[in-house]
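*Asks:* Can you read through this structure? Questions will come right after.
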Amino acid sequence: MWHYYSNINKKLEMNKKNLYVLLLIMLCNVTGYAQQSTRMQLWYDHPSGEVWENALPLGNGRLGAMVYGNVDTERIALNEATLWSGSPNQNNNLKALSALPEIRKLIFEGQYKKAENLANEAIISKKSQGQMFEPVGDLKIAFDGGTAYNEYKRTLDLDSALSTTTYVQNDVQFKREVFTSFTDQVVVIHLTASRPGKLSFTSFFTSVEPQIDVKAYKEGLMIHGKSIDHEGVEGAVTFNSNVRFKVDGGDSYAADSSFVVKKANEVTIFVSIATNFNNYHDLSGNPEKRVAAYMDNAFAKTYSSLLKAHVAYYQKYFNRVHINLGTTAAAHLPTDQRLKSFATGNDPQLVALYYQFGRYLLISASQPGGQPATLQGLWNNKLFPPWDSKYTININTEMNYWPAEKANLSEMGQPLFAMIKDLSVMGAQTAKQMYGVRGWMAHHNTDIWRSTGAVDGAFWGLWSNGGGWLSRHLWEHYLYTGDKAFLEMNYPLMKGAALFYADVLVEDPVNHWLVLCPDMSPENAPKDHEGASITAGSTMSNQIVFDIFSQTIKAARLLNRDRKFIDTLENLRRRLPPMHIGQYGQLQEWLEDLDNPTDHHRHISHLYGLFPSNQISPYRTPRLFDAAKRTLIQRGDISTGWSMAWKINWWARMLDGNHAYMLIQNQLSPVGTNAGGGGSYNNLFDAHPPFQIDGNFGCVSGITEMLMQSQDGTVNLIPALPDRWTKGRISGLQAIGGFEIMDLKWKEGRVTEVVVKSTLGGNLRLRSPNNLKAEGDVRIRKAVGENPNPFYQNVGTPKPVISPKATDVVKSLKPTFECDIQTRKGGVYRLYGDSRP
C-alpha cells in the first residue's frame, strides 16, 4: 500500500465530530488516489496462438514458463536456468601472449587491418565461441470440447506473479491459473470449471532437445534428457522432469507417453525440473533426487497454501515500489491494443505498467542462489537461440542489473555477484595465459561455464573490459547499501580487476598516455581504420579503467588496506588519457578525431562516462556534458531495443525528460513499426529484434533516472520529468548513501511532497526544481560546497582536450533548489514543495 502520512498537529485538540470529518477527508483522499490506479496487469482478449512472443512469462529464478493460454491445446514452454549446452571448458587462445608485441606494433604504426588479421588468428578462440542456454520443452494439455468459445481473457497479474486464463465453452466457465512457485520450486497449474465433471484432456510433452525420453506413469509423466554438444564441447548437463497430476473426481490414466484425465472436477498439475549442475566446474548433482524432493514436498500441499506462500514471498520484493503516473481511458483496453496506440495517444499508466513489468521480470529471472539473467532472462524456446542466449558483457548483462539497486531489488543482484566471483577465477587464467599479467579479466561474452576467452571474431571480440565493468556493480551495491562486510568480501574481486589493468596498460608512443592495446570501442569501427575496429585507448576503455582504479582506491581506503597499491593506482590514473571533444563538438569515441557525424551505430559506448558512470556531469564537467549531448543528437534516436533503452538513461542524465519520453514512446511501439528497429512484442518483451530482455531492464532504469538521480552529489528529485507526466507519485526508490524515497509526489513539474528515510545516517542533500520546506523541527540548511556525505564525494575527471575546430558552447542550467539535512540512522524526513495546496 502507499505510504500515507497524516499531518495532524499534535497540539490541536479536536472534538469527535472534527476528528470524524478529518478521517473522512483522509479516506476520500486515499480512495480517490487508489481509483486513479489500474491493476498492474497485462491482459488480452485472445489466445497467443503459436507465437512464443505472445505468451506470458513466469519465473522463480530457476524455473521459467511461458503460458500461451490457447483454448483447445494449452502450451506451457519450460526452462530451467542451468540447462545449457556443453560442459566445463575454457576457451583461451594460447597464441595470444607471443603475438601481442607484434599486434601492438602494428596498431601504433596504423596498420589496423594487419593487426586485426593477426588478432583473429592469435587472440580469438579456436575452441568454443560460447555455449547456449537451452529449453527443456513444452507441456501441452489438449482439452476436449472443441474450438468454439467466448468471454475469453488471459492475464499476467504483476501483483501476484500469477497467470490466469478464463473462457466460456458449452455454457461452462473454465479457469486456469499458473505460477512458478518461489517457495516450493515447482510450476503449478490449477484447472477448474464452473460445473463438476467438465475437465477432460490429454497431456503430453514435446521438446526440441534431441536427447530426450518421455514416459507416462500412473500419476503423470517422467522426462529424462541430456544437453547437446556444441562447437566441440560435449553436452554433459542431464536433466529430469516429473509432471504429476492431482485429480479431483473423474478418471485418469497413463497412455503410452501421455496422461489422460476424464470428467474431473478440478485438477492441479505439478511440474518439477532439475539438472545435475552444481556449479561451473561440477556436474555431479543428482537430478532424479532433486526432482523427487521438489515434487514430494509440493504435492503434499494444498493449492491454496502453495499460492499463498508464493505470493507472500514475491510481494516482499515487488511491493517495495509503487508508481502512479496518471490514468486515462486507454488503461482499460487490452495490452496489445494499448501498445499499438501508445506512441500517438495518452496512456501514462502503460509506462507505469511497463516499469513494474520490468521489476517483475528481474524478480522472476534472477533470484539469490541462482544464475544471472541471460540475454533473454530466463525464457528461451530455441535449441539454437539468437546470440546463444548467453551473457554479453560489453553492455547487455550489465544493463540487466541497472534497476537492481535503485528500483529496490538489491537482492536480485546476488546471482550477478556470484558470477563475477566465478569469472575472477576463470579470468585469472585468461589474464595470465593470454596477456601475461596478474589480476583477472573477461572478454565480451561468457556463459554458464564462465569462459573468458575472446570470441566471435576480432571485430567484436577484442574488448577486454568485462572485469572492469562488472566490478562496478560490486561498488555500486556498497554505495547504495553501505554494506561494509559485502565490500570486504568482494574487495579482492575489485582489486583483481584493477590489477589486470595496472599490468596490461602500455604507453602510447605519441602522447605517452597509458592505454589498452589492443583495444576497441564495442562493435564499431572508426573511419580510416580500413574497416577494422582494432585500436589503442578507446574512450570507453579509458573511462572504465578510470572507474575501476578510482573505486578500488576508495574501497582500499575504507578497508584500510593495500596502501602501496593505492599509490600505484593513483600514479597510473594520472597517466590515463583525458576525454576529447572533437571537430564536430562531439565526445570522441577514439583518441583520434575519427567520428562520423552521420554514424547512427547502435553502440555509443563512449557515453559510458555519462551513464552508468558519472564522469560526465552538467554541474562538474559542462563542456563534456555538452559534447555528450551532441554525440547523442548525431547518433539519432531509433535503434535496437537495448540501445534505445540506454538512450533513455542518457537523456535522463541530460535532464531532458521530453526527449527521454519520446524514446519510451519508440520502445513502447509494436515491433516492426520503428524503421531502425526496436519496439516491443505483444507481451511487452523488448525487441532487438529478436527478443532481448535487456531493453526491458534498461527502460526501468531510465524511468527511475527521470524521476530520481543520486549519482552527482545530491538526491535529485524529478530531474528529467516530461511534460506528459503532469501529476504523479512514486514510492520506494533507493538512492546512494542508504536513502529511501518513501514517497515522492509532484504536480505541474514541481515537487509537492517528499518523504525520505535514512538507513545509514549522514548528510542528505536534496535537489529539487522548486523550494522545499521541512515538516516539524527538521532543520534544513542551504547546500554549500561539496556534499560532506562520503558516499557522494566525486573523484573528478581529467580536463577534456578540445579540438581547435570544435565550437565550445556550454548551455546554462535552470536554477534549482538545494538543501542539506543532517540525518540520523532510521530517521524519516518529510518536506513539502512551495506549491503545496
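The values are calculated or read from the model by the stated rules, or taken from the named source; none is laboratory data. Keep in mind that what you see is a predicted model, and the values were worked out from it rather than measured. A quick note on method: Cβ atoms are made from the backbone with ideal geometry, for glycine too, and the neighbour counts reach across all protein chains shown. Please note that ligands, DNA and RNA were not included when accessible areas were found on the heavy atoms of the full protein model with its side chains. Shrake-Rupley method; radii C 1.70, N 1.55, O 1.52, S 1.80 Å.
*Asks:* Compute the FRET efficiency between Glu748 and Lys564 as 1/(1 + (r/R0)^6), taking r as their Cβ-Cβ distance and R0 = 51 Å, and round to the nearest 0.05.
*Replies:* Details: r = 56 Å, r/R0 = 1.10.
Between Glu748 and Lys564 the formula returns 0.35.
*Asks:* Give the accessible area for His603 in Å² (nearest 10); use a 1.4 Å probe, count only protein heavy atoms, and leave out ligands, DNA and RNA.
*Replies:* 0 Å²
*Asks:* Then there's this: Per DSSP H run of at least 4 residues, take -39500 (n - 2.57); add these up for the chain, divide by its residues and hand me the 222 nm value, nearest 500 deg cm²/dmol.
*Replies:* Computed mean residue ellipticity for the chain: -10000 deg cm²/dmol.
*Asks:* In the chain, with Lys and Arg counted as +1 and Asp and Glu as -1 at Cβ, which of these residues, Gln615, Leu558, Gly468, has the Cα nearest the positive end of the dipole, that is, farthest along it?
*Replies:* About the Cα centre, the residue reaching furthest to the positive side is Leu558.
*Asks:* Another question, if that's okay. Could you give me the percent of Cα pairs per 10 Å distance bin for the range 29-162, shortest bin first, beginning at zero and ending with the bin that holds the maximum distance?
*Replies:* 10, 22, 18, 15, 15, 13, 7, 1
*Asks:* Positive end of the dipole of the chain, charges at C-beta (+1 Lys, Arg; -1 Asp, Glu), about the Cα centre: which of Gly439, Ser125, Gln414 has its Cα farthest in that direction?
*Replies:* Among Gly439, Ser125, Gln414, the one farthest towards the positive end of the dipole of the chain is Gln414.
*Asks:* Would you mind computing, in nm to one decimal, how far apart the modelled labels at Asp834 and Lys316 are, each placed 7 Å from Cα along Cα→Cβ?
*Replies:* Taking the two extended label points, one gets 4.5 nm.
*Asks:* Here's something else I'd like to know. Hey, got the Cα dimensions of the chain along the principal axes, in Å, largest first?
*Replies:* 83, 81, 50
*Asks:* Based on the alpha carbons, how large is the Rg to Rh ratio for the range 580-708 when Rh follows Kirkwood? Walk me through the numbers before you get to the answer.
*Replies:* Numbers: Rg = 14.3 Å, Rh = 14.7 Å.
Ratio of gyration radius to Kirkwood radius for the range 580-708: 0.98.
*Asks:* Using a 10 Å cut-off on Cβ atoms, rank the peptides 59-71, 671-683, 695-707 from the highest mean neighbour count down.
*Replies:* Numbers: 59-71: 25.5, 671-683: 19.8, 695-707: 28.4.
Going by the mean number of other Cβ atoms within 10 Å, highest first, we get 695-707, 59-71, 671-683.
*Asks:* Next up: Give the relative contact order (percent, whole number) for the chain; include only Cα pairs under 8 Å separated by 6+ residues.
*Replies:* Values: 1992 pairs, mean separation 95.7, N = 837.
After rounding, I find 11 percent.
*Asks:* Count the net charge of all other residues whose Cβ sits under 12 Å from the Cβ of Val506, scoring Lys and Arg as +1 and Asp and Glu as -1.
*Replies:* Details: positive: Arg104, Lys105, Arg575; negative: Asp503, Glu507, Asp508, Asp519.
That sum, taken over residues with Cβ under 12 Å, equals -1.
*Asks:* Would you mind checking the pairs Lys113/Lys527; Lys175/Lys289; Lys218/Lys246 and listing those with alpha carbons more than 21 angstrom apart?
*Replies:* Working: Lys113/Lys527 12 Å; Lys175/Lys289 33 Å; Lys218/Lys246 11 Å.
The pairs that break the limit, which is 21 Å between Cα atoms, are Lys175/Lys289.
*Asks:* Quick check: net charge around Trp646, other residues with Cβ under 13 Å of its Cβ, Lys/Arg +1 and Asp/Glu -1?
*Replies:* Working: positive: Arg602, Arg635, Lys647, Arg653; negative: Glu398, Asp637, Asp686, Asp694, Glu705.
Around Trp646, the surrounding residues sum to -1.
*Asks:* Another question, then. Any idea of Lys432's accessible area? Nearest 10 Å², probe 1.4 Å.
*Replies:* Here the residue's solvent-accessible area equals roughly 140 Å².
*Asks:* Turning to a different aspect of this structure: Where nothing but the Cβ of Lys and Arg (+1) and of Asp and Glu (-1) is charged, how large is the charge dipole of the range 457-530 around its Cα centre, in debye to the nearest 20? Please list the in-between numbers first.
*Replies:* Working: 4 positive and 10 negative charges, 58 e Å.
Dipole of the range 457-530, to the nearest 20 debye: 280 debye.
*Asks:* Now for a different question. What is the distance, in nm, between label points placed 7 Å from the Cα along the Cα-to-Cβ direction at Val778 and at Val795?
*Replies:* A separation of 3.3 nm, rounded to one decimal place.
*Asks:* Express the carbon and sulfur contribution to the solvent-accessible surface of the chain as a percent, rounded to the nearest whole number, probe 1.4 angstrom. Mind showing how you got there, number by number?
*Replies:* Details: 15560 of 30110 Å².
Heavy-atom surface of the chain belonging to carbon and sulfur, 1.4 Å probe: 52 percent.
*Asks:* Sticking with this one: Can you spot the aspartates and glutamates whose alpha carbon is less than 16 Å from Lys782's alpha carbon? Ignore those fewer than 8 places along the same chain.
*Replies:* Straight-line reach from Lys782, under 16 Å: Glu818, Asp820, Asp834.
*Asks:* Which one, Ile736, Ser272, Tyr253, is farthest towards the positive end of the dipole of the chain when Lys and Arg carry +1 and Asp and Glu -1 on their Cβ?
*Replies:* Going by the charge dipole, the pick is Ile736.
*Asks:* Say R0 is 22 Å: what FRET efficiency, to the nearest 0.05, do Asp72 and Asp171 get from their beta-carbon distance? Walk me through the intermediate numbers first.
*Replies:* Working: r = 17 Å, r/R0 = 0.79.
Here the calculated transfer efficiency is 0.80.
*Asks:* Run the dipole for the chain about the Cα centre, Lys and Arg Cβ at +1, Asp and Glu Cβ at -1, nothing else charged, and hand back the magnitude in debye, nearest 20. Working shown, then result.
*Replies:* Working: 85 positive and 80 negative charges, 583 e Å.
My answer is approximately 2800 debye.
*Asks:* Roughly how far apart, in whole Å, are the Cα centres of the range 685-730 and the range 46-63?
*Replies:* 25 Å
*Asks:* In units of 2.2 N^0.38 Å, what is the alpha-carbon radius of gyration of the range 361-501? Mind showing how you got there, number by number?
*Replies:* Working: Rg = 14.7 Å, N = 141, 2.2 N^0.38 = 14.4 Å.
Dividing the Cα radius of gyration by 2.2 N^0.38 Å gives 1.02.
*Asks:* Once you put a point 7 Å from the Cα of Thr147 and another 7 Å from the Cα of Thr328, both along the Cβ direction, what distance in nm separates them?
*Replies:* My value for the distance between the label points is 3.8 nm.
*Asks:* Suppose R0 equals 56 Å. What FRET efficiency, 1/(1 + (r/R0)^6) with r the Cβ-Cβ distance, do Lys484 and Gln337 give to the nearest 0.05? Don't skip to the end; give the middle numbers.
*Replies:* Working: r = 50 Å, r/R0 = 0.90.
Efficiency for this residue pair is about 0.65.
*Asks:* Only four residue types carry charge here, +1 at the Cβ of Lys and Arg and -1 at the Cβ of Asp and Glu. Report the dipole size of the range 88-205 about the Cα centre in Debye, rounded to the nearest 20. Numbers along the way, then the final one.
*Replies:* Details: 14 positive and 13 negative charges, 90 e Å.
Computed about the Cα centre, the dipole is about 440 debye.
*Asks:* Given a 1.4 angstrom probe, what's the average accessible area per residue across the chain, in square angstrom?
*Replies:* Working: 30110 Å² over 837 residues.
It amounts to 36 Å² per residue over the chain.
*Asks:* Rounded to whole Å and sorted largest first, list the principal axis extents of the Cα atoms in the range 691-837.
*Replies:* 56, 41, 31
*Asks:* Under a Cβ-Cβ cut-off of 13 Å, what is the net charge of the residues other than Asn120 that fall near it, where Lys and Arg count +1 and Asp and Glu count -1?
*Replies:* Values: positive: Lys95, Lys113, Lys114, Lys126; negative: Glu116, Glu121, Asp456.
So the surrounding residues net to +1.
*Asks:* Whole angstrom only: what separates the Cα centroid of the range 170-200 from the Cα centroid of the range 362-415?
*Replies:* For the range 170-200 versus the range 362-415, the Cα centre distance is 29 Å.
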